[in-house]
Amino acid sequence: MLLGKPAIPGSHDASSCFKPTAPPSCFEKYADRLDEWLTREDIVSIFPGLPAEAAINYSRNVPIAYRSSVYQWKSDRFSISFVGSREVRSPRPNKIGVGHLTVYGDRVKDPLTYFRNAHRTPTAEEKSELQQRMKTKMEEKGLTSSQKGAGTTLTAALSEQILFTNVEGLGDAAAWDHMDHSLVILVGRVRFKVFVEISGNVEDNQELAIKLAKKILEKC
């Protein structure tokens, strides 16, 4: 994903996004200590409703850009999907956390423009382009007609879920990722996410995420 050739919003190119240059010392300090960047005490100071049984899930065995420290506990919400004509209900746990700390490398000349382009709702034309790219890849892989049909349906469904809402007053730029239930924040060349899903109400999740993000940024 290079400037001058806008990418489909919501997509990422690891070759340009996830090759870090030397990050600011504060962010670098917390890159391997995400559980200290947003602690249980930090959360409780803003969200007293965090239950004692909320367990931390720290994904360490992945690249730094994909690591996260997330508290999770049971909720009464479910995701609904379909396997053929059969409805499948999957539990959706509550979650609060931080992660996906990324430092834009030198190939990204203008981090602010890059961020805004990647974190916006795609146009109908861009959705069509995404579906065409997937169709081309499936043709190259020699998939069967049924496999291509399933892939086309999935790509169309996913492209409709790429939705962002701008959030003012945080860092250099911020946006709420509706599909990921996260607040994505840019500070200089550093991008990170605050994950919040405690309600089926988007506004409730956003409000808490903004408060937590401010708490996190107080440490940097």
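The values are calculated or read from the model by the stated rules, or taken from the named source; none is laboratory data. Computed from a predicted model, the values in this text were never measured in an experiment. Cβ coordinates were reconstructed from backbone atoms using ideal geometry, including for glycine residues, and neighbour counts include every protein chain displayed.
State yes or no: is E168 out of contact with any helix residue (DSSP H, G or I) (no Cβ under 8 Å at 6 or more places or on another chain), on the phi < 0 side of the Ramachandran plot and in a helix (DSSP H, G or I)?
no
Does region 30-66 hold any residues that are closer than 13 Å to V103 by Cβ, surrounded by 12 or more Cβ atoms within 10 Å (Cβ to Cβ) and not hydrophobic (A, V, I, L, M, F, W, C), and which are they?
Y30 - this is the single residue of region 30-66 that is closer than 13 Å to V103 by Cβ, surrounded by 12 or more Cβ atoms within 10 Å (Cβ to Cβ) and not hydrophobic (A, V, I, L, M, F, W, C).
Residue-by-condition table, conditions (1) in contact (Cβ under 8 Å) with a residue 12 or more places away in the chain; (2) in a loop (DSSP other than H, G, I, E, B); (3) within 27 Å of P93 (Cα to Cα):
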{"position": "Q131", "(1), (2), (3)": "yes, no, no"}
{"position": "K135", "(1), (2), (3)": "yes, no, no"}
{"position": "E139", "(1), (2), (3)": "no, no, no"}
{"position": "K148", "(1), (2), (3)": "yes, no, no"}
{"position": "T152", "(1), (2), (3)": "yes, no, no"}
{"position": "A175", "(1), (2), (3)": "yes, no, yes"}
{"position": "V184", "(1), (2), (3)": "yes, no, yes"}
{"position": "V196", "(1), (2), (3)": "yes, no, yes"}
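If you take the residues in region 2-47 that are under 30 Å from R133 (Cα atoms) and in a helix (DSSP H, G or I), which one is modelled with the highest pLDDT?
C17
Return the pair list, or none, for Cβ contacts closer than 6 Å from residues in region 64-84 that are closer than 21 Å to V194 by Cβ to residues that are at pLDDT below 80, at least 6 apart or on different chains.
Going by the 6 Å Cβ cut-off, the qualifying pairs are A65/F18.
Identify the residue in region 88-126 that is part of a loop (DSSP other than H, G, I, E, B) and under 20 Å from the mean Cα position of the chain (by Cα) and, among all such residues, is surrounded by the most Cβ atoms within 10 Å (Cβ to Cβ).
Residue satisfying both the conditions and the ranking: Y104.
Out of the residues in region 169-183 that are at pLDDT 95 or above and acidic (D, E), state the one that is surrounded by the most Cβ atoms within 10 Å (Cβ to Cβ).
D177
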